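Here is the structure we will look at, set down as structure tokens.
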């Protein structure tokens, strides 16, 4: 009687195992999808220009917390350049840069000044540690910018003019005790799936639609 052949079980095929490079690609694609999903929630049905803003934490002596050097602002046609913009933010984050996006669209490229704001479909508050009161309408998307700190978004049933959005944002922000410097038009907030480099150990910006 012949002995059993000793060899690798047929299920163990090294060429079928995910390689590190393949895993990196899959993770990046998943994070890009998370950003694109949030943007669709905030801007669906609208047209204009999406703004991205990136920079590296300053290492200068006396720099303020979260002070950025080498900042770059770009405008992307929405919705045509959605995926390209999301991939760009993931790439910038992987290069050690904090990655933000404008929380509403703009009518023209190159500027995120208030007078260039387009219609707004979702309100926002940078909680800065504050939480949404239980008796309030709950946000439709939540992004955890760092442990214990969140950005809140409320999608509306219809777009409103920028001035109305700013007025409502201010009421929400002051009512819940959020960051009073982030309720205005032209605000940029962190994108989910990127890294927050503000502290010594980078943390993942988590959450998204329905979080």
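The values are calculated or read from the model by the stated rules, or taken from the named source; none is laboratory data. Quick caveat: nothing in here was measured; it's all calculated off a predicted structure. Cβ placement follows ideal geometry from the backbone for every residue including glycine, while neighbour counts extend to all protein chains displayed.
For segment 120-141, what are the residues that are part of a strand (DSSP E or B) and in contact with a helix residue (DSSP H, G or I) (Cβ under 7 Å, 6 or more places away or on another chain)? Of everything in segment 120-141, those that are part of a strand (DSSP E or B) and in contact with a helix residue (DSSP H, G or I) (Cβ under 7 Å, 6 or more places away or on another chain) turn out to be 120, 121, 122, 123, 124, 125, 141.
Screening the candidates 172, 185, 156, 189 for the property of being surrounded by fewer than 18 Cβ atoms within 10 Å (Cβ to Cβ) and closer than 15 Å to residue 122 by Cβ yields one hit, 156. Might you check whether a residue that is surrounded by 21 or more Cβ atoms within 10 Å (Cβ to Cβ), at pLDDT 95 or above and touching a helix residue (DSSP H, G or I) at 6+ places or on another chain (Cβ under 9 Å) occurs anywhere in segment 54-73? Scanning segment 54-73, I find at least one residue that is surrounded by 21 or more Cβ atoms within 10 Å (Cβ to Cβ), at pLDDT 95 or above and touching a helix residue (DSSP H, G or I) at 6+ places or on another chain (Cβ under 9 Å), so the answer is yes. Contact annotation: residue pairs with Cβ atoms under 6 Å, 6 or more positions apart or on different chains, pairing a residue in segment 95-112 that is in contact (Cβ under 8 Å) with a residue 24 or more places away in the chain with a partner that is outside any strand (DSSP E or B) and surrounded by fewer than 18 Cβ atoms within 10 Å (Cβ to Cβ), are 105/46.
Within segment 77-84, one or more residues are out of contact with any helix residue (DSSP H, G or I) (no Cβ under 8 Å at 6 or more places or on another chain) and either modelled with pLDDT under 95 or assigned to a helix (DSSP H, G or I) (or both).
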